[in-house]
Structures are given as C-alpha cells and as structure tokens.
Amino acid sequence: MKRGFIVGLAVIIAGLLLELASGPVVWTAMRWPANIVALGVFVALITGLGLLALPSVGDKNGMGAVNKAVRWLGSYQAAVPTMVYAVGLTTIMGLTRQVNDGRWINDMLTFWPFVLIYILMMLIVGLAIMKHTIMISNRLKRGYEANGHQDRSWLLRREIPFMLNHLGLFIALCCGTAGNPDIQRMKMICETDRAEWRATDEHYEEKGLPIVITLNRFIMEEYDDGSPKRVASEIQIVTKSGKKVETTVDVNKPYEIDGFKIYQYGYDQKAGKDSEYSILEIVRDPWLWAVYTGIVMMLAGAVSMIILGKTTKE
Amino acid sequence: MWEYFIYFAVASVLLWTGGAIEAWRCKRIFAMWMTTAGLMVFFGFILGLWITMEHPPLRTMGETRLWYSFFLPVAGMIVYSRWHYKWIFSFSTLLALVFICINVFKPEIHSKTLMPALQSPWFAPHVIVYMFAYAMLGAATIMAIVLLVQQHKLYRKRIADDGQQSLVKAVEVTDNLVYVGWGFLTIGMLFGALWAKEVWGHYWSWDPKETWAAITWLAYLVYVHYRIAWSKQVKTAMVILLISFCMLQICWWGINYLPSAKDSSVHTYSSK
C-alpha cells in the first residue's frame, strides 16, 4: 500500500516536470492514426508484460525485478492508492473552474499529472485483466485434465462479472480518450430555403461537408409563460453518396446519416418563434461504437453486481 | 396537486412508522405489509403529480426528494427481507420523514415547465436509478456509522466472540448495500452518458456535475477494492465509505453552491 502511494506520487512529480518542460498535453497531436498506434502499443505492452511476467505464479524468490513489478502492478496494492490519487486529482478538478486554454489545474484534461495517473490506472486495470485471463485459462485447462468437465459457477459468479466491469471500463475509457481528438463537432447555420454545406468547427474554421442541408421550416412552440416547449427544424438532406432525405430534427432527437449526427442546436433567440435561421450541430465520432461497446459491458457488469452482491472467494 | 401532499405524506409516514414498530416487535409480515401500504399511498401522490404535470416529477430538487423518500423504505424492505434488521425500518422512515419535512416546510419547488432538453425517454430512468442508488448508499452510510460506534464500544468493553460475529455480519450487509448501490450508480451514470450523446452531441463533457459523478463513482470503487484486499481493516473501510458519501452529497446538491460549478453547469437543479 505504501509503495502504491510512493509510485503514484512519483508519477505525479514526473507529470509536473513534464508540464514544466513541455507544457500541457497536446491532444490534437493524437489524431488518427497516432491514436490507434498509441493505443495498439499500450495494449501490446500490457499483453506482453502480462504473458511474460504473470504466469510464473508461485516461486516468488526466483522472480526477476520486472516480473515482481508487473505482478505488483496487477494487484490491489497498486490499484487502491492509484484510485485514491485519481479521486484526489479529479476532486481538485471539481473544485476549480475549468477553462479551455487554461493552465495547470484550471485545464485538468491537459494537465500531465492528471493524465498520467489515469494512464497508470488503465495500466493497472489492463494487467489485472491479464492476470484473470491467465488464471481462467489455467483453471479451465486444469479442470479438463482432472475430470473432463467441472463446476463452472465460479466463472459465472466471479470471472464474467469481473471481465465485464474491468474490460468494459478499459475499452470505454481508452477508446473514449484516444478517439477524442478525432471527434468533429461543427455548427451549421441554415437559413430557410437555402442549401448549406459549410459549417464551422470548434476552432472557428470553416469546413465543407459531404452533405447538403436545406432548412424547410423552423419550428418553435412555447409554454404559456413564454419558455420554449419545442425547438425543431424540418430539413432536407442530400448526401454526396446520393441519398436524399426529408426529416425533422428535434432537441433530443438527432438524425444520423453517413456517420454524421445532426442535432438541433440553436436559433435566433431575439426573434424566437420567427427566427429566420436554425443552427444545427453536426457531429462525427468514428470511435463511438467502441466506447459504446465498453459502456454496454459496464452496464452488464453493474447489473451482475446488483444481482450477485458481494461474492466471496470459495 | 402539491397542496394535497401533506395528507399523502402523513398517511405514508404513519404506515411506515407502524411498519417500523412491527419490525421491532419481530412481526415480519406485518412490518412488510405496512411499509408496502405506505409506499403505495406515497406513490399514489407521485403518480397524481406525474399525471397533472404531464411529465414525470423529476425536474426540481423537491421532486427528486420525493423519489428519495420513496426509495428509502424500498431499500429498507430489501435489506429487511434479506437480513431481518429490526432497526432498518425505523431508520428508513426517519430519513424519509426528513425529506418529506423539507418538502413541506421549504417547498422552493413545484411545477416547472419541462424544457426541450429534458423531454427524453432517458430522463426518468436516469434520475430514478440515481435516486435508488443514493438511497442504498445512504443506508450503507448509516451502517458505517453504526459499525464505527459499535466497534469503538467493543474495543472498550472487550466483548468476546458473539459481538465480533454480529460485527462481521454487519460489515457483510454494508458491503452488499454498497455493491447494489454502486451498481445503480453505474447504471445511472451510463444512462446519463447515453442521454447526453442524444441531447448534447457528446457522451461525456466533464461538466461539473459529470466530474463529481466520476469522483463519487471512483470513491466507492476505492471502498470496494479496499474491502477485498484489506478485509480486516474495518475502521478504515468505514471511513472511506463516509468520505464517499460526502462526495455523493456534493454531486447531488452541494454542486449548486460550488463557485467552480456556478453558471457553468447545465445540471444544477433549478429551484423555481
């Protein structure tokens, strides 16, 4: 436990030095294909270390330093202190005002110590997954040698929930982080009856899109007190791939076409109901399916925790 | 509809109190039935509110307190049916009463028209699941306090085995409450993420409410892992649980008062 806190502290100090030396994390440098390469290396590293160091369970004295370190990293002794640091840093994030282009703790997502602690946490999760994978395969093999078939309830009660929780989190967090620089979020201002294919991204750069949108009608309904009840746009979409669609985009009801999700974003607030234009947000997230895979696994893991409660080792 | 709240509330609390008394007298079936009856009356009010407002009552702090008061006895019933704690209904009734009183005496709440961003099928499950998680984790917190006090007494009096044994069982209950509560916390958070993608275009934006949800989620995760690896260190574990519950409170309502979150969170509950 003590060692875990020391290692975590070392990682934070290393992060601070990096921050001083090179400035904040530049996430835009992680755009495709850099992110897939980095993620591939990370997963290969975990798999390699796991396969090399973890099977030698038992002879503690004969183990090399690397083996010992890897086994330690895959343990609760490493996990708990790292999580405590993650809670601490995230709490600092929650207590300070976060601004884009801020420095240090005011832009936590680009603050090296924060990023490194989360990477360390994912490394630990990855190694724990490897440890369990090896354990499961050994146990299954042993079971077959013993009697051909065996009681598998441990698999259902312990190992599958473990995998859903840990692998799900690993996939969701790693793919969410790695894929973030690839996300395109653009605003398109559509005037009634005018075809539009240009949109501005978060850095106010204009982009041409492979879809053309025409606003047929802007819809706004109000409650008696004048607050908005419904905001929507009737639009026509023509894509480069040859599709032609008439649809309505509501708040909470985006429309997806060719990998783009189209959202109702805004309107001329001064004109309200009589707005001459509608602002649509157009989002492309090529990594979404991977993140959702992780989320679905985590949901299943959570359900299994609710149903099973705490299962103690037999 | 709110003007009728007091009648429903009094009826429910009376029934729940009856359930609590029956539980002390070890009349298990009566205790369960009376609590159920109280829940039905209380849910009758929620349903009435739902129908008259034409949307689920989940928007304001007052409305979420309503659900919290509802789920506390539900959580109590689950615990009671599994472990038969005599005191659990007294606790759930008392806590539900506190939230009811806040709604009666400080109703900075009431009908608020639902803005388009909240008109989603994700809305109800997201908030209801979270409220249930809060109720379970609230119950775990009370267990933690009871355990810390009990352990202190045991230590002073040096009571032997049977005291120890009940302690072990109580810790087991606490663990299970946390597992179930954390499970619901996870589902609530992930439902929120899926909803956020549909309404704001991204599943996680590190909005202050989201940041605090992550903190809370991770803090309880510390407890879960700590309990597995250091199962003998009950005291430290319970302290972790208390800290986690503080994080949960900040996430739930404390955030409305945090300078870092003011004006920048789309999640802060409206009090109108």
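Some notes on this structure:
- Beyond 18 Å in Cα-Cα separation lie the following of the pairs A:K207/A:K244; A:K187/A:K261; A:K187/A:K244; B:K209/B:K262: A:K207/A:K244; A:K187/A:K244.
- When DSSP beta bridges are restricted to pairs lying wholly in chain A, around 100% turn out antiparallel.
- Peptides ranked, highest mean first, by Cβ atoms within 10 Å: ranges A:210-217, A:106-113, B:130-137, A:14-21: B:130-137, A:106-113, A:210-217, A:14-21
- Taken along the Cα-to-beta-carbon direction at a fixed 7 Å, the label points for A:E206 and A:Q184 span 1.6 nm.
- Inter-chain Cβ neighbour average for residues A:254-267, partner chain, 10 Å: 1
- Crossing angle, helix A:160-179 versus chain A [Cα axis fit, 0-90 degrees, rounded to tens]: 50 degrees
- Sorted peptide list for A:252-258, B:249-255, B:138-144, criterion being average Cβ within 10 angstrom, highest first: B:138-144, B:249-255, A:252-258
- When each of the peptides A:42-49, A:123-130 is scored by how many other beta carbons lie within 10 Å of its residues on average, the order from highest to lowest is A:123-130, A:42-49.
- Seen against the Cα atoms of chain B and their longest principal axis, helix B:161-200 is set at about 10 degrees.
- Partner lysines whose Cα lies under 20 Å from the Cα of B:K169, excluding those fewer than 8 positions away in the same chain, are identified as A:K310, A:K313, B:K86, B:K153, B:K157, B:K232, B:K235.
- The distance from the alpha carbon centre of the stretch B:159-208 to that of the stretch A:216-280 is 38 Å, rounded to a whole number.
- Taking A:H166, A:H132, A:H203 as the candidate residues, the one with maximal mean-square fluctuation in a Gaussian network model of chain A, Cα springs under 10 Å, is A:H203.
- Considering only B:H55, B:H152, B:H84, the mean-square fluctuation computed in a Gaussian network model of chain B, springs between alpha carbons under 10 angstrom, is largest for B:H152.
- Only helices enter this figure: runs of n ≥ 4 DSSP H residues, each worth -39500 (n - 2.57), summed and divided by the residues of the protein assembly as shown, yield -21000 deg cm²/dmol at 222 nm to the nearest 500.
- Considering the protein assembly as shown at the alpha-carbon level, its Rg and Dmax are found to be 26.5, 83 Å.
- Chain lengthening between B:W24 and B:C246 when straightened (0.36 nm per residue, less Cα-Cα): 76.9 nm
- Using a Gaussian network model of chain A in which every pair of alpha carbons under 10 angstrom is joined by a spring, one finds that among A:R198, A:R230, A:R103 the greatest mean-square fluctuation is at A:R230.
- Nearest 10 degrees, 0 to 90: helix B:61-83 Cα axis against chain B principal axis: 30 degrees
- Shielding score for A:294-306, defined as the mean number of other chain Cβ atoms within 10 Å: 5
- Residues A:W27 and A:F5, FRET efficiency given R0 of 41 Å [Cβ-Cβ distance, rounded to 0.05]: 0.90
- At most 12 other Cβ within 10 Å, DSSP loop - GluC sites (Glu not before Pro), the stretch A:161-250: A:E202, A:E205
- A full extension of the chain between A:K270 and A:I134 corresponds to an added length of 42.7 nm, given 0.36 nm per residue minus the alpha carbon distance.
- Two-site FRET efficiency, B:C101 against B:A229, from Cβ-Cβ distance with R₀ of 56 Å, rounded to 0.05: 0.85
- Across peptide A:168-178, the mean count of Cβ atoms from other chains lying within 10 Å of each residue's own Cβ comes to 1.
- 13 Å reach of a label modelled at A:D193, 7 Å along Cα-to-Cβ, counting backbone N of the stretch A:262-283: none
- Each residue, A:T239 and B:S166, gets one label point 7 Å from its Cα in the Cβ direction; the gap between the two is 6.7 nm.
Bear in mind that the values in this text are calculations on the coordinates, not laboratory data. For clarity, every value in this text was computed on a predicted model and none was experimentally measured. Note that each Cβ is placed from the backbone with ideal geometry, even for glycine, and that neighbours are counted across all protein chains shown.
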